[in-house]
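Have a look at the structure below before the remarks.
The values are calculated or read from the model by the stated rules, or taken from the named source; none is laboratory data. Fair warning: this is a prediction, and the values are worked out from it, not measured in the lab. Cβ: placed from backbone, ideal geometry, glycine included. Neighbour counts: every protein chain shown. Heavy atoms of the whole protein, side chains included, go into the accessibility calculation; ligands, DNA and RNA do not. Shrake-Rupley method; radii C 1.70, N 1.55, O 1.52, S 1.80 Å.
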Amino acid sequence: MNKRIVLLISLVAATLLLAGCTEFDQPISGKSEGFWNEFIVWPLVATITYFKNLLGTYGLGIIAVTIIIRLALLPLMIKQTRSSKRMQEVQPKLKELQAKYKSKDAVTQQKYQQEMMALFSENGVNPMAGCLPVLIQMPVLIGFYHAISRMNSTPSIDLGSFLIFPLAEPSIILAIIAGLMQFIVLRTGPAMDNPQMKIMMYFMPVMIIGFGIVLPSALTLYWVVGNIISLIQNLVIYRPWEKKDVALTATPAAASKKEVKQPVKTKAGGAKK
């Protein structure tokens, strides 16, 4: 887990360095120079503008580009979800290994790591699968922020509105919608089965609402549409209602076991309940 966090922080830091943060309030065009502008920001701006001309508004253009990006990432997201399900399936065996190798000396821990990786390999579990979609989305998300901010700073571009939300300005209502959608996505996904991920169920929605309050609504719209796609994906792949059915059927059985009391022998050789 620590290695995954370090890797995530490193990728975020590298992305921020590539992002060219000093240019976020500068106009953007096809002549803008630099790797970040030429290969991330401008292609996003050009694609959003293309769909705006096709569909009529920048709001619909942003939705179209969001759907394309999420569909491109769908194979990775599916792989992440399936890997998370397999991770939960091997939890009993993983706990047995932890009990078997509970000593903290280097040799024991090395054997534990070897058997743990063998267990993951046999069951098709990839511990890094949960990080990969996040790492890939990070440059896209920051690129989207730069694209929207720089489109808003370009005099020839008017982002306009989507429904009642001006896309160039923050919207508390849209931010709350994005946060609630994130909470629902986490409630229906693998975070429900992983105690270590349950903290995200409360942290991520609050973080998105906080960002949505200060960032342009165009970026919040990206989160809302992306979370709708994630929700559909969870319902199709993870099927959270099946997990609830299993829990309901398992509860009476567990309760009945608790009610059965073993007879206690008395000194006279009889049995005492």
Ranked highest first by the average count of other Cβ atoms within 10 Å around their residues, in what order do 85-98, 157-170, 212-225 fall? 212-225, 157-170, 85-98
For Gln98, the net charge from surrounding residues (Cβ-Cβ under 14 Å; K, R +1; D, E -1) works out to +4
In Hz, Karplus ³J(HN,Hα) per residue of region 56-70 (6.51, -1.76, 1.60; θ = phi - 60°; x = Gly, Pro): x, 9, 5, x, 5, x, 5, 4, 4, 5, 4, 4, 4, 4, 5
Under the Karplus relation with 6.51, -1.76 and 1.60 and θ = phi - 60°, whole-Hz ³J(HN,Hα) for region 88-103, x at Gly and Pro, equal 5, 5, 9, 4, x, 5, 5, 5, 4, 5, 5, 6, 5, 10, 7, 5
Vicinal HN-Hα couplings computed from phi for region 179-188 (Karplus, 6.51 cos²θ - 1.76 cosθ + 1.60; Hz; Gly/Pro x): x, 5, 5, 5, 4, 5, 4, 5, 5, 9
Would you mind working out the accessible area per residue for region 30-132, using a 1.4 Å probe, and quoting it in Å²? 60
On full extension of the chain, what length is gained from Glu122 through Ile78, given 0.36 nm per residue of separation minus the C-alpha to C-alpha distance? 13.9 nm
